[in-house]
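Okay, so here's the structure we're looking at.
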């Protein structure tokens, strides 16, 4: 039985991964339950797993070196899955120093603690945001990503570079996963699909930034969890690994189409309020997932509309609608 440490393990992706891994492995989670959004949402994410004998939760921050030392001392960790970060493009523009502190210094703490305790296998969340407004689509891992347009994206690019240093100097096996707009049950309430579902059910206007032609490569949570698990398997069973890999659906959906699909599933006509584009937003994300397919055997299976149906079913159950 393997032991996996998931940072940010009470969040949307982290808790979904923990629920899956804990069936056959020991899962250690660190999460600070910060108030970026309602901490009770994270409490709900973990409540059904807390009593599992294969699960252990540490409440704290990745910037706390003493806590990280304690976690690595108390547990023989095989692989670190580093998902903890301050998320979101727009909030990073308002508070770039916090994003630098958590996403870069926090990651440095993880890497240093791994080095000290001789844990050399890492799967880490990067982001499609690193591509910025790349004009060539679909986005490939070999594209130049030196032109970030948000502090959040810049921190993710910095993490890719720093983990490569630990790969070269200390023989870490690393996979950096560039996630493309993950959605599904447990999605954060500030993200568009969750927010628009709530607004439609409440009869409120839907704020649409721009003319609705911007697009995102929406990727369902089950496909992301599958990709992470395949990445864990890869770093465990190969040597001299440093890979950057896109995890997406390779099927961009426009903002207008996203809004209309939610309305169709809810059987509600959206009341759209068109607004100006916001700073830091990219025009399009579109993943080339050839490398993920060839290297990992990654194969996303959930269509956008099917994912929306599953999300809305979960949402209504949560809200007792």
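Just a few scattered comments:
- Residue count for region 186-233, restricted to those that are in contact with a strand residue (DSSP E or B) (Cβ under 8 Å, 6 or more places away or on another chain) and farther than 20 Å from residue 252 by Cβ: 7
- Meets criteria (crowded, with 20+ Cβ neighbours inside 10 Å and outside any loop (DSSP other than H, G, I, E, B)) for residue 198: no
- Residues of region 18-59 satisfying the condition of being more than 23 Å from residue 91 (Cβ to Cβ), out of contact with any strand residue (DSSP E or B) (no Cβ under 6 Å at 6 or more places or on another chain) and part of a helix (DSSP H, G or I): 19, 20, 46
- Residue in region 66-73 that is surrounded by 15 or more Cβ atoms within 10 Å (Cβ to Cβ) and under 18 Å from residue 164 (Cβ atoms) present: no
- Test: residue in region 18-26 that is in contact (Cβ under 8 Å) with a residue 60 or more places away in the chain, touching a helix residue (DSSP H, G or I) at 6+ places or on another chain (Cβ under 6 Å), crowded, with 24+ Cβ neighbours inside 10 Å and farther than 18 Å from residue 119 by Cα: no
- Test: residue in region 216-223 that is under 16 Å from the mean Cα position of the chain (by Cα), modelled with pLDDT of 95 or more, crowded, with 22+ Cβ neighbours inside 10 Å and part of a loop (DSSP other than H, G, I, E, B): yes
- Considering 105, 86, the condition of being assigned to a loop (DSSP other than H, G, I, E, B), at pLDDT 95 or above and closer than 30 Å to residue 279 by Cα is satisfied by 86 alone.
- Residue check for residue 299: within 22 Å of residue 231 (Cα to Cα) and out of contact with any helix residue (DSSP H, G or I) (no Cβ under 9 Å at 6 or more places or on another chain): no
- Residues of region 153-176 that are buried (at least 18 other Cβ atoms within 10 Å of the Cβ), touching a residue at least 12 places away in the same chain (Cβ under 8 Å) and within 17 Å of residue 108 (Cβ to Cβ): 155, 156, 157, 159, 160, 163, 166, 167, 172, 174, 176.
- Options 239, 305, 230; residue that is surrounded by fewer than 19 Cβ atoms within 10 Å (Cβ to Cβ) and closer than 30 Å to residue 119 by Cα: 239
- Residue 136 satisfies every condition listed in (1) free of Cβ contacts under 8 Å to residues at least 24 places away in the same chain; (2) over 21 Å from the mean Cα position of the chain (by Cα); (3) more than 30 Å from residue 294 (Cβ to Cβ) except (3).
- The single condition from (1) buried (at least 20 other Cβ atoms within 10 Å of the Cβ); (2) part of a loop (DSSP other than H, G, I, E, B) that residue 246 fails is (2).
The values are calculated or read from the model by the stated rules, or taken from the named source; none is laboratory data. Given the structure is predicted, the values throughout are model-derived calculations rather than measurements. As a convention, Cβ positions derive from the backbone with ideal geometry for all residues, glycine included, and neighbour counts pool all protein chains shown.
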